[in-house]
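The values are calculated or read from the model by the stated rules, or taken from the named source; none is laboratory data. Remember, predicted model here, so these are calculated numbers, not experimental data. Neighbour counts are summed over all protein chains in view; Cβ atoms, including those assigned to glycine, are modelled from backbone coordinates with ideal geometry. Just the protein is used for accessible areas: all its heavy atoms, side chains included, with ligands, DNA and RNA removed. Shrake-Rupley method; radii C 1.70, N 1.55, O 1.52, S 1.80 Å.
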Amino acid sequence: MSNIKEIIQNLRKELREHNYNYYVLDEATISDYEFDVKLKELQALEEQHPEFYDANSPTLRVGGEVTKNFNTIVHNHRMYSLDNSYSLEDLKDWETRIRKLIDGDIQYTCELKYDGASISLTYENGSLTRAVTRGDGFQGDEVTANIKTIKTVPLQLKGDYPQKFDIRGEIILPFDGFNKMNEERVANGEEPYRNPRNTASGSLKLQDSAEVARRPLECLLYNLTGDNLGIDSQFHSLEKARAMGFKVPEAAKLTNSIDEVFEFINHWDKVRHDLPYETDGVVVKVNSLFQQEELGYTSKAPRWAMAYKFKAEQVSTKLNSISYQVGRTGAITPVANLEPVELAGTTVKRASLHNADQIEKLDIRVNDEVFVEKGGEIIPKIIAVDLSQRPSSSQKTEYISNCPECNTELVRIEGEAKHYCPNYNGCSIQVIGRIQHYISRKAMDIEGLGGETVALLVKEDLIANYSDLYELTVEQLMPLDRMAEKSAENLVNGVEASKGIPFESVLFALGIRFVGETVAKKLAKHYKNIDALANASIEDLEQVDEIGVKIAESVVAFFTVEANVKIIERLKAFGVQLEISADVLANQTNKLEGLAFVVSGVFETVSRNELKKLIEDNGGKNASSISSKTSYLIAGDKMGPSKKEKAEKLGVTLISEKEFFDKFQL
């Protein structure tokens, strides 16, 4: 028996090596026929000896597992989006900003930005254990069974690898494979797929992994994430990933200046169309992981990386009409309805016109021939009008004066670009939009309830605001179209479960204008409960870190509306979390209130992020750069000399990690 086990293990090892040589190195070391013979031999042995089952056996790459529901998984480490730049001047500005925050020479890693579907792979003890889509960056869908069918995803790693880590990459569909798929579809009388990116993304959510296995998908990796990885730079991480068996594009280059970055961009802008994959730009990263940690993150993106987007493709088409959309805050957005046109692999029928000022600036009119491009090759926008083709009968566009939904006269607040419908509680589109925002994943995350169902519930007069959700019953829901008993139960249970969502998420869910996720967290942390926030004045609110007058006015305005106050009282009565939990409060103090800290260097007892969290949990403020308002510079190992010089020049007290803990008794 031990001999059989050894034969199986050796066959698996040999097939993995052949697979790596063929799909990653593009160097076949065995014929397809010989590979198939060995694979069938392994399949037969595994069927005869199920006791030697291995979830990462090469035989499982053919798929066959069916996934009916994709589980939502919270990422071990958040998958941030990237800030975009569209000119070399933007990149120069970015470099200027980061040089103000870190010391010393800066190297950059330049990588091509492949246009596919982002994925996060988790490995433990060298084996693939989980694959999760990007989702909203905080959590995504588990698609492990489908990812295992992709030949360039190693199921078992080579060489030296960390015990546990995540690696991020892009699932892409090469042009050759995409074209062959479309040839087959056309031959079968089916509609061809529109573009490689959307086809690759859609493949990840197919229920039958055998269908995914038939698609020539590839996985290109670019980022190792985790603890104790044994790397000190981005370029080093690419080399390590390549050595472990991952397919890492060879185009990546280490550069020593922003001028060398420009050379890399200019080169690939000219030859990118020769690549076998879609690429829409270059990602530039500060190479040193230590410097990356120094730079940190904004609420949405790392400060140490920037995506440079190649110039967007442009086409011209006819503007057939202008319609107007109403958002959940009452903001009106004009939309251009276009003669359908192919643009960057998709059919474009509509484009945003943003506001009345944009229409006036472009002097855009119905029946104009307009130039359209995809902003960042994602969102279509009109950039100009071809005046030479304007009909002599053309009429100047008059912006609407009344809400297209409820006919209320629109208002325009001084200093703002958009028009608004002031009918806050009577405009059904606004009501539906606010409830849809309330139930969304980043807010109350109510399972079993989607946007279409919300619209139906409002239409049927079952709910008029989000507090009404908590009174819904299965009996009320059952008569609705496409609402079976199980679906109704799931909806009611999902609403009930939302009562456990923490206060900062509830505050974001309320939909107060200008109060996004980050602002909601700051307000929740400062005021601790909804009553304290409701009683705050504009002046009080402006004292909170990063809260400006616009946000302060919006918060105060929200609580002056009687209908909002009544909704809040109802939410309280239903048991929704409208104060920070006792567990969270137990770990917070006001010891550092009024103090601003800059944290720099490498620390011994805690990580830099843990130290920053400790400061925030105790009422202090973290600043990214030293100024006259800085109370203390906490200096760790390898801190740059310029920070020390600036602190001394401004009279900022410099303390060590130990002195910080001793001084504040934390």
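Overview of values
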quantity	calculated
Subset tally (residues that are over 27 Å from the mean Cα position of the chain (by Cα) and small (G, A, S)) for the stretch 424-439	2
Which listed residue is surrounded by fewer than 16 Cβ atoms within 10 Å (Cβ to Cβ) and at pLDDT below 90, from E263, E293, E342	E342
Of residues in the stretch 91-118 being part of a loop (DSSP other than H, G, I, E, B), of a type outside the set (A, V, I, L, M, F, W, C) and open to solvent by 10 Å² or more (accessible area, probe 1.4 Å), the one nearest to F262 (Cα to Cα)	Q107
Selection count where residues are at pLDDT below 75 and either surrounded by fewer than 15 Cβ atoms within 10 Å (Cβ to Cβ) or among the β-branched types (V, I, T) (or both), scope the stretch 52-82	5
Residue that is modelled with pLDDT under 95, open to solvent by 70 Å² or more (accessible area, probe 1.4 Å) and touching an Asp or Glu at 6+ places or on another chain (Cβ under 7 Å), where the choices are K349, K381, K361	K381
Single condition A573 does not satisfy, out of (1) modelled with pLDDT under 95; (2) small (G, A, S); (3) open to solvent by 50 Å² or more (accessible area, probe 1.4 Å)	(1)
Conditions (1) open to solvent by 30 Å² or more (accessible area, probe 1.4 Å); (2) more than 31 Å from the chain's Cα centre (by Cα); (3) at negative phi: number failed by Q325	(2)
Filter result for A307 (open to solvent by less than 30 Å² (accessible area, probe 1.4 Å), within 30 Å of Y438 (Cβ to Cβ) and not acidic (D, E))	no
Subset of the stretch 119-132 [crowded, with 20+ Cβ neighbours inside 10 Å and in contact with a Lys or Arg (Cβ under 8 Å, 6 or more places away or on another chain)]	I119, S120, L121, T122, Y123, L128, A131
Which numbered condition D583 fails, given (1) modelled with pLDDT of 80 or more; (2) open to solvent by 80 Å² or more (accessible area, probe 1.4 Å); (3) over 24 Å from D637 (Cβ atoms)	(1)
T149 vs. criteria farther than 25 Å from G230 by Cβ, buried (at least 18 other Cβ atoms within 10 Å of the Cβ) and touching a residue at least 24 places away in the same chain (Cβ under 8 Å)	yes
Meets criteria (out of contact with any Lys or Arg (no Cβ under 8 Å at 6 or more places or on another chain), open to solvent by 50 Å² or more (accessible area, probe 1.4 Å) and either modelled with pLDDT under 95 or under 23 Å from I580 (Cα atoms) (or both)) for K525	yes
Qualifying positions in the stretch 267-296 - of a type in the set (D, E) and under 19 Å from L112 (Cα atoms)	D269, D274, E278, D280
Test: K253 is touching a helix residue (DSSP H, G or I) at 6+ places or on another chain (Cβ under 7 Å) and open to solvent by 70 Å² or more (accessible area, probe 1.4 Å)	yes
Residue count for the stretch 172-202, restricted to those that are more than 27 Å from the chain's Cα centre (by Cα) and among the β-branched types (V, I, T)	1
The stretch 182-209, residues that are part of a helix (DSSP H, G or I), of a type outside the set (S, T, N, Q) and touching a Ser or Thr at 6+ places or on another chain (Cβ under 8 Å)	none
Residue in the stretch 97-110 that is modelled with pLDDT under 95, within 22 Å of E278 (Cα to Cα) and not acidic (D, E) present	no
Hits in the stretch 496-514 - residues which are assigned to a helix (DSSP H, G or I), open to solvent by 60 Å² or more (accessible area, probe 1.4 Å) and in contact with a helix residue (DSSP H, G or I) (Cβ under 9 Å, 6 or more places away or on another chain)	E496, E504
Scope the stretch 639-652; condition open to solvent by 80 Å² or more (accessible area, probe 1.4 Å) and of a type in the set (D, E, K, R); matching residues	K644, E645, K646, E648, K649
So A573, is it out of contact with any Lys or Arg (no Cβ under 6 Å at 6 or more places or on another chain), assigned to a helix (DSSP H, G or I) and touching a residue at least 12 places away in the same chain (Cβ under 8 Å)	no
All positions within the stretch 225-250 that are out of contact with any helix residue (DSSP H, G or I) (no Cβ under 6 Å at 6 or more places or on another chain) and β-branched (V, I, T)	T225
Complete set of residues in the stretch 385-399 that are closer than 16 Å to Q358 by Cα and either surrounded by 15 or more Cβ atoms within 10 Å (Cβ to Cβ) or of a type in the set (S, T, Y) (or both)	V385, T397, Y399
Qualifying positions in the stretch 628-638 - open to solvent by less than 80 Å² (accessible area, probe 1.4 Å) and out of contact with any helix residue (DSSP H, G or I) (no Cβ under 9 Å at 6 or more places or on another chain)	S631
Qualifying position, being assigned to a helix (DSSP H, G or I), within 32 Å of the chain's Cα centre (by Cα) and more than 15 Å from V576 (Cα to Cα), among L491, L449	L491
Those residues of the stretch 454-488 which are of a type in the set (S, T, Y), surrounded by fewer than 20 Cβ atoms within 10 Å (Cβ to Cβ) and in a helix (DSSP H, G or I), in sequence order	Y470, S487
Any pair with Cβ under 7 angstrom, 6 or more apart, that starts in the stretch 299-325 at a residue that is among the hydroxyl-bearing types (S, T, Y) and ends at one that is open to solvent by 40 Å² or more (accessible area, probe 1.4 Å) and assigned to a loop (DSSP other than H, G, I, E, B)	S321/V366; Y324/I400; Y324/P404
